[in-house]
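Remarks on the structure that follows.
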Number of protein chains: 4
Amino acid sequence: MLKAIKRGFASDNNAGIHPEVLKAISKANTGHVIGYGDDVYTEEAICTIKEHFGQDIDVYFVFNGTGANVLGMKAVTESYNSIICAETAHINVDECGAPEKFTGCKLLPIPTENGKISVEQIKYHMHGFDFEHHSQPKVISITQSTELGTVYTLTEIMEITQFAHENNILVHMDGARLCNAVVSLHTNFKEISNDAGVDVLSFGLTKNGGMNAEAVIFFNKKLSDDFKYYRKQGMQLASKMRYMAVQFTALLRNELWLKNSRHANRMAQILAERVADIPQITITQKVEANGIFAIIPKEIISRLQERFFFYIWNEERSEVRWMTSFDTTEEDIDEFIKQLKSLLKK
Amino acid sequence: MLKAIKRGFASDNNAGIHPEVLKAISKANTGHVIGYGDDVYTEEAICTIKEHFGQDIDVYFVFNGTGANVLGMKAVTESYNSIICAETAHINVDECGAPEKFTGCKLLPIPTENGKISVEQIKYHMHGFDFEHHSQPKVISITQSTELGTVYTLTEIMEITQFAHENNILVHMDGARLCNAVVSLHTNFKEISNDAGVDVLSFGLTKNGGMNAEAVIFFNKKLSDDFKYYRKQGMQLASKMRYMAVQFTALLRNELWLKNSRHANRMAQILAERVADIPQITITQKVEANGIFAIIPKEIISRLQERFFFYIWNEERSEVRWMTSFDTTEEDIDEFIKQLKSLLKK
Amino acid sequence: MLKAIKRGFASDNNAGIHPEVLKAISKANTGHVIGYGDDVYTEEAICTIKEHFGQDIDVYFVFNGTGANVLGMKAVTESYNSIICAETAHINVDECGAPEKFTGCKLLPIPTENGKISVEQIKYHMHGFDFEHHSQPKVISITQSTELGTVYTLTEIMEITQFAHENNILVHMDGARLCNAVVSLHTNFKEISNDAGVDVLSFGLTKNGGMNAEAVIFFNKKLSDDFKYYRKQGMQLASKMRYMAVQFTALLRNELWLKNSRHANRMAQILAERVADIPQITITQKVEANGIFAIIPKEIISRLQERFFFYIWNEERSEVRWMTSFDTTEEDIDEFIKQLKSLLKK
Amino acid sequence: MLKAIKRGFASDNNAGIHPEVLKAISKANTGHVIGYGDDVYTEEAICTIKEHFGQDIDVYFVFNGTGANVLGMKAVTESYNSIICAETAHINVDECGAPEKFTGCKLLPIPTENGKISVEQIKYHMHGFDFEHHSQPKVISITQSTELGTVYTLTEIMEITQFAHENNILVHMDGARLCNAVVSLHTNFKEISNDAGVDVLSFGLTKNGGMNAEAVIFFNKKLSDDFKYYRKQGMQLASKMRYMAVQFTALLRNELWLKNSRHANRMAQILAERVADIPQITITQKVEANGIFAIIPKEIISRLQERFFFYIWNEERSEVRWMTSFDTTEEDIDEFIKQLKSLLKK
């Protein structure tokens, strides 16, 4: 029944689990351990994360990216606060209002061309302080790499964190695809988050070959005092935590995460180069991580989707999104380009 | 480092994953599938669940038991409603206020001797209808098997569901250990839930050998119209859903769930029989599923915990809880009894 | 149409506004003042309140008692906290779940005989600290005078506040009828709240002859840092605040509050004495403030209600509640007793 | 102390209560009536409102405009919905996130030039239907007259309501200044709301000479089934309701509301005409109701504020807001213009 499995570029979460991750899960599957994270596997995973992000941090595992984002922001806000973000941010358009529901906060979206927000744009929302009629700005949330496949430079991030801290505002980073950004910038985890002044990070490895590997990382440990309660009350505390924990260890040890995201990014570059040659196609965003956004002829979209998974990003503009992942192959791209060209000829 | 792994009776979630579950996960780990449940594995799992619970139902997978309970109740309540439950219910004492936070409802706890509530007790809270000052009772939540290791008979459940429906109230069942109750009652899933008049079920297989296998099942499909939105907004929608889904299929096919819970229940019986002989120990609840509650001499508790995981249930009364699981062995019990007796001798 | 106005003992909020209050409103009705409390009338009212409760406090006016209770508790809790109170507390049975909805907290009710809770009873809920599965107890809420017409002694309150503070818990007092308690105890406002260790007070004068005069008073000013935002977000910030403020000034100046509550309490005593003589009637609670609870023959209730407003408290026990207020007259009582006796004769 | 009372143009809520309103309150202050709205005054007020808005409607009184807006929207949404509104809407910028906190919904703001939104602009947010990752649009909220002193024409409203209903969306109108719009359009209450297809109306008379006179009106009675519970749970149910109710009766009887808003609008016209002559001042919005927005030389603002209350609307642009009210006098305007001109000369 499942013989001819369709592959595609719909999302990096359509890919499976990396074999090493599965191996780690299997290896952890022995004997009894205390539930809810009080076990050696979780301890080991946290140690491993600290090696990458710095020792003086707090780490909590959660089920998914929405959980990481919402709980991370809840930890640093009161319900009368507001959260500034790009209009395209996952927290703004892809979480069904989970941030508003759980935090009570208002989201203040900023329209962007490329998914990145700047200090200049942020300033638009920086008013009404101390005025009780107005939601009080408290968090700037940025996504790295962005939902549009672009990447904040280190300088851009530091401009935001510096501005934020000068104004008593905190910075949350949605790092569901942080690995791809680290590769793109030739940097490391610590430099792009902890050292860059980020306060709270949603760190995701699910899209990097994990099964369900998401964490909230606090670089200022004072901010996480209550977090264990919010995680539980937010329905995000796993009983058999060890299986979540070992995914982090497996991916962060031996540079597996690096191999995976380097590969995904490279596949995106190759795909981008291949379509760049096709005159009927216009790439709309810089390809800096593992996503390609392109305007393609409307009439071929559904035909192309018959063979390959991918999403329409903007129906009106006939803009589509192609994501690559750790398991994308050059053959996938070859076939895709072949099919694309063949459809365009007709 | 992890050589001498400590085993114990702390919780059925301290056990690992059943090897068949791991095999199923591994088998599903091939190629790309659409995320968030639009895949053949999820479809197959839902079909399998329908074979056990009835065809005309709605099934949604979520991350954990708290998520299943809270979202299941949210689906059938408004914030001005109240939820009647046993004082010992997981929703009342073990979810850090997640039900109140997400549903806005008031919980109306009923003190019980054995974790089970009766229609007579429920009536205490059945007042204030149509009176806007009073939270309006809307849901009765029962746990099967209960947090105290007891089991509602079919008749007891039907008395509650009939009473509820006569009063325009719905019945939620927390079935984190439903398998153990089904074994205990020599019944089947459908008879004890769907046929017995339950409206919404939290169905858990995590404690039965799954990794993270929890579902919300609606026996009245009208109640689940909005559920997909609540699941997403409740941060309980998994991207790589297939790995969650196959756990259900693995455990519900070939009666693996039955084998696992039968074993756990049998181990509880054996353990209960063995301690029943010990004069210094008093079993405090009927052992009807996979939990044993017992009063033991205070002075041996910490010594015993050095060798075996288990929890103190009631410090004052020196009452402890021992849970058995699919991987409890007779050797575990032998050793435990040996150690217990040795400590009592001193 | 409104000629023969029915009077009664239904609630102290069925009474009108004291003429002095109306006069104060009228006097304030001149010229323009800044809205939302930044005006001289509000300033004057707060000064007056400070004369009664102590200088080093924070005072905020809100619309009603539910608003005062909920926002006062919100200011000192996080959503993962729990609030301990009498089962009969207004916050538990008469606010339609507003505390749960707005604070996210769990309410932990204590069954009582007389509406008062004791340290011994409170201890039942003092567990699960630092355990993330359990809502963390943070507030003890007591009502003074209680919903059952009884009054905590100063000693009883101080036992609770001392116990609370030793356990890092705060004490909220629902003082919708605080005036009646002050009269009953021959004390003053400051002694029974601020000096007794209460942290947050809902102070109500609506039932004392006000129109809508409710305040949240913080005796520890650190607790009110965010309160102005919660009041606004809680929909409790009045635009034309001056009319609310002058009610406090009018009632607290020249001992009008004292006259009013002394009168109400005295009327309750007289009514109690008069019914004490009637053998078919049993008074069920000590009459310490302005409420009388009594078991009366079921068959006369509706007939009596034809002439006088009052509520059935407990249908099963045929227990009713009679409240007196600042405008209850001895004639009201005479007529009531006459009617009562006449109905009992039949 | 209060001798030389400063007057001004800060807000229509800086004005006092109309003497007729005070008289009505005084007249209602006799005898006992049942609390919480079950009284003849409330009944009469609702009847009066029905004479103006249509018979087949449901009316509920609440404390303030924020309460009316938030509860009106709560009644017709689930937490996974979104609410489309102008970026300048009171619900978006002046309620401290109360809509998000109480409804759980996402607000989707539309930038506007003049405070009015159009169907074309609304369409931008009309996507993601049936897609669980996306908050589901459910309500369009418009303000009449707007926060910028402009007025939707009947046609503009009907375009929105028709579009909304075709798309299974409801329309909420924030009518805190509905009276001013009715005067401006030479229409009546029913035509501009009920007949125009509005589903839920926040109807305010506080700014028209009331003390605290706000109502939620449902033109489709099915939508208000649960409203009484939300009002109570939302802390918006007044105990001494009669004093709120009679304000409606007083203002809606004998065309007092009409006189008041006609006057306020006329004062705005006069003020606008007077400043139109001053070359250094630019009026930035059409003066269609009782507000004037103008850019004035930055250097005179604080000096002018010494004598007259008013707010800076946009600091950067040196734009101020002047509101007129039922008690604004031509003398107020004369003095204001005199002072303005005198300051400009320096």
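Some points to look at:
- Breaking point among (1) over 14 Å from the mean Cα position of the chain (by Cα); (2) within 17 Å of D:THR150 (Cα to Cα), for D:ALA181: (1)
- Residues (among the basic types (Lys, Arg) and either touching a helix residue (DSSP H, G or I) at 6+ places or on another chain (Cβ under 6 Å) or at positive phi (or both)) located in the stretch B:178-217: B:LYS190
- Tally, over the stretch D:243-263, of residues that are within 14 Å of another protein chain (Cβ to nearest Cβ) and in contact with a strand residue (DSSP E or B) (Cβ under 8 Å, 6 or more places away or on another chain): 2
- Put simply, of D:LYS190, D:LYS207 the only residue that is surrounded by 24 or more Cβ atoms within 10 Å (Cβ to Cβ), of a type in the set (D, E, K, R) and under 30 Å from C:ALA238 (Cβ atoms) is D:LYS207.
- Positions within the stretch D:11-33 being of a type in the set (D, E, K, R) and in contact with a strand residue (DSSP E or B) (Cβ under 6 Å, 6 or more places away or on another chain), in sequence order: D:ASP12
- Of all residues making up the stretch B:220-242, the number that are within 11 Å of chain D (Cβ to nearest Cβ) and surrounded by fewer than 20 Cβ atoms within 10 Å (Cβ to Cβ): 2
Yes/no per residue for (1) of a type in the set (A, V, I, L, M, F, W, C); (2) closer than 25 Å to C:ILE84 by Cβ; (3) crowded, with 22+ Cβ neighbours inside 10 Å; (4) assigned by TED's automatic domain parsing to the domain that holds B:GLU95:
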{"position": "B:LEU107", "(1), (2), (3), (4)": "yes, yes, yes, yes"}
{"position": "B:THR143", "(1), (2), (3), (4)": "no, yes, yes, yes"}
{"position": "B:PHE163", "(1), (2), (3), (4)": "yes, no, no, yes"}
{"position": "B:LEU170", "(1), (2), (3), (4)": "yes, no, yes, yes"}
{"position": "B:ARG177", "(1), (2), (3), (4)": "no, no, yes, yes"}
{"position": "B:ASN180", "(1), (2), (3), (4)": "no, no, yes, yes"}
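- Screening the stretch D:108-205 for helices (runs of 4 or more DSSP H) wholly inside it with 2 or more residues that are within 14 Å of another protein chain (Cβ to nearest Cβ) returns the ranges D:119-123.
- In the set C:GLY37, C:GLY54, only one residue is in the same structural domain as C:SER193 (by TED's automatic domain parsing), small (Gly, Ala, Ser) and farther than 30 Å from D:GLY8 by Cβ; that residue is C:GLY54.
- Against the conditions (1) modelled with pLDDT of 95 or more; (2) out of contact with any Phe, Trp or Tyr (no Cβ under 6 Å at 6 or more places or on another chain), D:ASP225 satisfies every one except (1).
- So D:THR103, is it polar (S, T, N, Q), modelled with pLDDT of 95 or more, in the same structural domain as D:VAL182 (by TED's automatic domain parsing) and farther than 24 Å from D:ILE157 by Cβ: no
- Of the strands (runs of 3 or more DSSP E) contained entirely in the stretch D:238-346, those carrying at least 2 residues that are outside the structural domain of D:VAL33 (by TED's automatic domain parsing), among the β-branched types (Val, Ile, Thr) and at pLDDT 95 or above fall at D:291-295.
- If only residues of the stretch A:58-81 that are away from chain C (no Cβ under 11 Å) and hydroxyl-bearing (Ser, Thr, Tyr) are counted, the one that is surrounded by the fewest Cβ atoms within 10 Å (Cβ to Cβ) is A:THR77.
- If the condition is being free of Cβ contacts under 8 Å to residues at least 40 places away in the same chain and under 21 Å from the mean Cα position of the chain (by Cα), then the stretch C:107-163 contributes C:LEU107, C:LEU108, C:PRO109, C:ILE110, C:PRO111, C:THR112, C:GLU113, C:TYR152, C:THR153, C:THR155, C:MET158, C:THR161.
- For beta carbons closer than 6 Å, sequence separation of 6+ or different chains, a first residue in the stretch D:93-105 that is more than 7 Å from every other protein chain (Cβ to nearest Cβ) and a second that is of a type outside the set (Asp, Glu) and surrounded by fewer than 24 Cβ atoms within 10 Å (Cβ to Cβ), the qualifying pairs are D:THR103/D:THR77.
- Filter result (surrounded by fewer than 19 Cβ atoms within 10 Å (Cβ to Cβ) and more than 8 Å from chain C (Cβ to nearest Cβ)) within the stretch D:1-47: D:LYS3, D:ALA4, D:GLU20, D:LYS23, D:LYS27, D:ASP38, D:GLU43, D:CYS47
- Answer residue from the stretch D:287-306, given it is of a type outside the set (A, V, I, L, M, F, W, C) and surrounded by 15 or more Cβ atoms within 10 Å (Cβ to Cβ) and is nearest to the other protein chains (Cβ to nearest Cβ) among those: D:GLN305
- For the stretch C:307-346, taking the residues that are surrounded by 13 or more Cβ atoms within 10 Å (Cβ to Cβ) and acidic (Asp, Glu), the one that is nearest to the chain's Cα centre (by Cα) is identified as C:ASP327.
- The set of residues in the stretch C:19-61 being in contact with a Phe, Trp or Tyr (Cβ under 9 Å, 6 or more places away or on another chain) and within 30 Å of D:TYR229 (Cα to Cα) consists of C:GLY37, C:VAL59, C:TYR60, C:PHE61.
- Filter result for the condition that a residue is within 21 Å of B:HIS172 (Cβ to Cβ), of a type in the set (Lys, Arg), assigned by TED's automatic domain parsing to the domain that holds B:LEU170 and touching a residue at least 12 places away in the same chain (Cβ under 8 Å), over B:LYS232, B:LYS228: B:LYS228
- Among the conditions (1) under 25 Å from D:GLY204 (Cα atoms); (2) in contact with a Leu (Cβ under 8 Å, 6 or more places away or on another chain), C:ALA250 misses just one, which is (1).
The values are calculated or read from the model by the stated rules, or taken from the named source; none is laboratory data. None of the values given here were measured: they were computed from a predicted structure. A quick note on method: Cβ atoms are made from the backbone with ideal geometry, for glycine too, and the neighbour counts reach across all protein chains shown.
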